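Engineer: Structure in structure tokens, see below.
Values in this text are rule-based calculations from the coordinates and carry no lab data. Remember, predicted model here, so these are calculated numbers, not experimental data. Heads up, the Cβs are rebuilt from the backbone with ideal geometry, glycines too, and the neighbour counts pull from every protein chain shown.
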Amino acid sequence: MNSTITLEKCSSNPVLSKTDVPYSAELIFNAGVTKFQGKYVMVFRNDYGFDEESFRAGQTAHQTNIGIAYSDDGIKWEVSPKPCFDLKDEEIVRGYDPRLTVIDGKCYMCFAVDTHHGVRGGIAVTEDFENFEVLHMTVPDNRNMVLFPEKINGEFVRLERPFPVYSRHGNEDFDIWMSSSPDCRYWGNHKLLLGRENVPFANSKIGPAAPPVKTDKGWLTAFHAVKAVERELYAWHANWHKIYYGGLMLLDLEDPSKIIGMHKEPLLVPDQPYETKGFRGEVIFPGGMILEDSGEVKIYYGAADTVECLATAHVDDLIKMCLE
Ligand code: BMA
């Protein structure tokens, strides 16, 4: 089945870009999106302090913060006047790629953290998007964490993507793992969920993408999958050879370490101009999925590491794609 038949990219894509942001902003992408207290909420990665011209001229140093936007319909967004999360200290360089999950009325945000001693995965909790309590930070190297939207067998459950560089001989060949926690602070029961070799359209790393969504048939779960190619892709910098696809799988409701089905082709392929050209061309990175009462699923994704986009599909079609 051709995935483009059931999936529609929003005609007003990108739904968020730097021109919507009232402070220093350049690349707006890899957002986490959820519904919280009656509104759509988006937390987005903002890389700033450079532009295409200065970058191409050799000024590669820049900064990152996390901004916040609200919406009544999930399509038109209003960005708040200030970023909501800016993680920096002597050790921490930046927090980025936020993911949102509402559990028992509180909003949890997973994020990646670059430090001077490795990449870490963080989890914070908030009720107002102003005050965040950081509950947990992994050891390096780990990131792309997402939380399931409810406790399973009494425990928080997350997907994650460690980087075993040493044991993979320096190759970018990484997989999706899962773990659980009684309190979202202490994590254990680590288990491999999906090996890269089981994704037909990946020849390099895979990882979690948007947090799983509950359906009657299982946890609908988007992941990202990387395919290294020979041809050089459009990017502000030389030597960019990696295509990022969105992928989709269905996990067992009671035991999410069991994969019930996976769509054998990419769910989202970069083929629109806003996906193929930008800071890094041909990158699609889903970060948020919302299941509406109508059965529509909104899938938010970063495109070309430059803008934030939206695609929609019916939940039954997405489930069918996983089971075929
Ligand atoms: C990954 C992360 C993502 C990014 C992707 C493509 O390693 O840095 O934030 O979207 O690469 O550049």
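Engineer: Can you tell which of Ile290, Pro22, Gln37 lies farthest toward the positive end of the dipole of the chain, using +1 and -1 charges on the Cβ of basic and acidic side chains (Lys, Arg; Asp, Glu)?
Structural biologist: Ile290
Engineer: Something else: Based on alpha-carbon centroids, what's the gap between the stretch 144-174 and the stretch 251-324 in Å, whole number please?
Structural biologist: Using only Cα atoms to place each centre, the spacing works out to 18 Å.
Engineer: Compute the Cα gyration tensor for the stretch 7-105, then decide on rounded, prolate or oblate, letting a ≥ b ≥ c be the square roots of its eigenvalues: rounded whenever a/c is under 1.5, prolate when a/b is larger than b/c in the other cases, and oblate in all that remain.
Structural biologist: oblate
Engineer: Something else about it: Per residue Cα convex hull volume for the stretch 158-288, in cubic angstrom?
Structural biologist: Considering the Cα atoms of the stretch 158-288, their hull volume per residue is 135 Å³.
Engineer: All other residues with a Cβ under 14 Å from the Cβ of Gly281 taken together, and with Lys, Arg as +1 and Asp, Glu as -1, what is their net charge?
Structural biologist: -1
Engineer: Shifting gears a bit: List the aspartates and glutamates whose alpha-carbon lies under 16 Å from that of Lys106, not counting same-chain residues fewer than 8 positions away?
Structural biologist: Straight-distance partners of Lys106: Glu127, Asp128, Glu130, Glu133, Glu150, Glu155, Asp183.
Engineer: Of the lysine pairs in the stretch 207-324, how many meet both conditions: Cα atoms under 29 Å apart, and a spacing of 8 or more in sequence or different chains?
Structural biologist: Eligible lysine pairs with Cα atoms under 29 Å apart amount to 27.
Engineer: Same structure, new question: With a 10 Å radius around each residue's Cβ, average the other Cβ atoms per peptide and rank 279-289, 13-23, highest first.
Structural biologist: 279-289, 13-23
Engineer: Evaluate 2.2 N^0.38 Å with N set to the residue count of the stretch 78-127, then give the Cα radius of gyration divided by it.
Structural biologist: So the stretch 78-127 has a normalised radius of gyration of 1.26.
Engineer: If you build a Gaussian network model of the chain, linking Cα atoms that sit under 10 Å apart, which residue out of Gly246, Gly295, Gly122 swings the most?
Structural biologist: Gly295
Engineer: Another question, if that's okay. Which net charge results when you count Lys and Arg as +1 and Asp and Glu as -1 among the other residues whose beta-carbon is under 10 Å from that of Ala225?
Structural biologist: Overall, the nearby charge balance is +3.
Engineer: Rounded, prolate or oblate: pick one for the chain, where a ≥ b ≥ c are the square roots of the eigenvalues of its C-alpha gyration tensor, a/c under 1.5 means rounded, and failing that, prolate if a/b is larger than b/c, else oblate.
Structural biologist: rounded
Engineer: Using alpha carbon coordinates only, what is the Rg to Rh ratio of the stretch 214-324, with Rh defined as the Kirkwood radius?
Structural biologist: On the Cα set of the stretch 214-324, Rg over Rh gives 1.03.
Engineer: Would the stretch 47-163 count as rounded, prolate or oblate if I go by the C-alpha gyration tensor, calling it rounded below 1.5 in a/c and otherwise prolate when a/b exceeds b/c, oblate otherwise?
Structural biologist: In terms of gyration-tensor shape, oblate.
Engineer: So, one more: Using Cβ contacts closer than 10 Å as the measure, can you line up Glu26, Glu130 from fewest to most?
Structural biologist: So the residues, fewest neighbours to most, are Glu130, Glu26.
Engineer: Which value, in debye to the nearest 20, gives the size of the charge dipole of the stretch 257-324 about its Cα centre, when Lys and Arg are +1 and Asp and Glu are -1 at the Cβ?
Structural biologist: Once rounded to the nearest 20, the dipole reads 260 debye.
Engineer: If you don't mind, another one. Under a Cβ-only charge scheme (Lys and Arg +1, Asp and Glu -1), can you give me the dipole magnitude of the stretch 118-226 about the Cα centre, in debye to the nearest 20?
Structural biologist: Value, rounded to 20: 380 debye.
Engineer: Can you sort Val33, Val41 so the residue with the fewest Cβ neighbours within 10 Å comes first?
Structural biologist: Val41, Val33
Engineer: Sticking with this structure for a sec: Among Ser80, Ser179, Tyr301, whose Cα projects farthest towards the positive end of the dipole of the chain, with charges put on the beta-carbon of Lys, Arg (+1) and Asp, Glu (-1)?
Structural biologist: Ser179
Engineer: Same structure, new question: Counting Lys and Arg as +1 and Asp and Glu as -1, each charge on the Cβ, what is the dipole of the chain about the Cα centre in debye, to the nearest 20?
Structural biologist: In debye, rounded to 20, the chain gives about 500.
Engineer: Which value results for Rg/Rh of the stretch 183-258 when Rg is the Cα radius of gyration and Rh the Kirkwood radius based on the inverse mean 1/r?
Structural biologist: Using Cα coordinates only, the ratio equals 1.08.
Engineer: Considering only Gly281, Thr126, Val102, whose Cα is most displaced toward the positive end of the charge dipole of the chain, charges sitting on Cβ of Lys, Arg (+1) and Asp, Glu (-1)?
Structural biologist: Comparing the listed Cα positions along the dipole, Gly281 ranks first.
Engineer: Summing Lys, Arg as +1 and Asp, Glu as -1, what charge do residues with Cβ under 12 Å from the Cβ of Glu160 carry, Glu160 excluded?
Structural biologist: +4
Engineer: Rank the residues Phe50, Phe156 as a footprinting-exposure proxy: fewest other Cβ atoms within 10 Å of their Cβ go first.
Structural biologist: Listed from fewest to most nearby Cβ atoms, that is Phe50, Phe156.
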